[in-house]
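Engineer: Dropping the structure in here first, questions after.
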Amino acid sequence: MTTLTSLDISDNDALISIPESISNIANLTSLYIRDNDKLISLPESIGDLTALTSLSIRYNNNLTSLPESIGKLTALIGLDISYNNSLKCLPQSVWDLSDQWGQWGGYYTDDFETTLTTNDTDCSQ
């Protein structure tokens, strides 16, 4: 799968997790993980997708946290984590990425300032 650059993992009613082997898709630039109602976690290996420029993680209502490794995705120019009702905090590495973009330029989430906190408070619980 060395030539695959875009992957859409959406609308999978039975998907609970994504395998660590997703990191084997080295040339992936766009990843869409949307509308997976039973998805509860993302693999740490997602941070190894260093060519990723666009990551959309939307409407995954049982996703409670994001892996710290997302902060390694320094090529990202767009991160959408909107409408994940159970997501209550972001790892510090994601906040650090936002500093790279400036005033949340490449980042979108619904009302993140009032509902999400940093890793220092709630993510470890």
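The values are calculated or read from the model by the stated rules, or taken from the named source; none is laboratory data. What you see is a predicted model, and the numbers here were worked out from it, not measured in a lab. Ideal geometry is used to build each Cβ from the backbone, glycine not excepted, and the neighbour counts take in all protein chains shown.
Engineer: Can you pull out the residues in the range 10-58 that are within 21 Å of Leu97 (Cβ to Cβ), in contact with a strand residue (DSSP E or B) (Cβ under 9 Å, 6 or more places away or on another chain) and among the hydrophobic types (A, V, I, L, M, F, W, C)?
Structural biologist: Ile18, Ile22, Ile25, Leu28, Leu31, Ile33, Leu42, Ile46, Leu49, Leu52, Leu55, Ile57
Engineer: Take the residues in the range 88-102 that are in a helix (DSSP H, G or I) and among the hydrophobic types (A, V, I, L, M, F, W, C), then tell me which one is modelled with the highest pLDDT. Give the steps one after another, and end with the answer.
Structural biologist: Of the residues in the range 88-102, the ones in a helix (DSSP H, G or I) are 92-101.
With the extra rule that they be among the hydrophobic types (A, V, I, L, M, F, W, C), the set shrinks to 94-95, 97, 101.
On the way: Val94: 81, Trp95: 77, Leu97: 76, Trp101: 59.
The qualifying residue modelled with the highest pLDDT is Val94.
Engineer: Quick one: count up the residues across the range 3-50 that are among the charged types (D, E, K, R) and surrounded by 13 or more Cβ atoms within 10 Å (Cβ to Cβ). Before you say what the answer is, go through the steps one by one.
Structural biologist: Residues of the range 3-50 that are among the charged types (D, E, K, R), as a first pass: 8, 11, 13, 20, 34-35, 37-38, 44, 48.
When the remaining residues are screened for being surrounded by 13 or more Cβ atoms within 10 Å (Cβ to Cβ), the result is 34-35, 37-38, 44, 48.
Residues in the range 3-50 being among the charged types (D, E, K, R) and surrounded by 13 or more Cβ atoms within 10 Å (Cβ to Cβ): 6 in total.
Engineer: Follow-up. Please verify whether the range 64-87 includes one or more residues that are more than 26 Å from Asn24 (Cα to Cα), at pLDDT below 80 and crowded, with 17+ Cβ neighbours inside 10 Å.
Structural biologist: No, every residue in the range 64-87 fails to be more than 26 Å from Asn24 (Cα to Cα), at pLDDT below 80 and crowded, with 17+ Cβ neighbours inside 10 Å.
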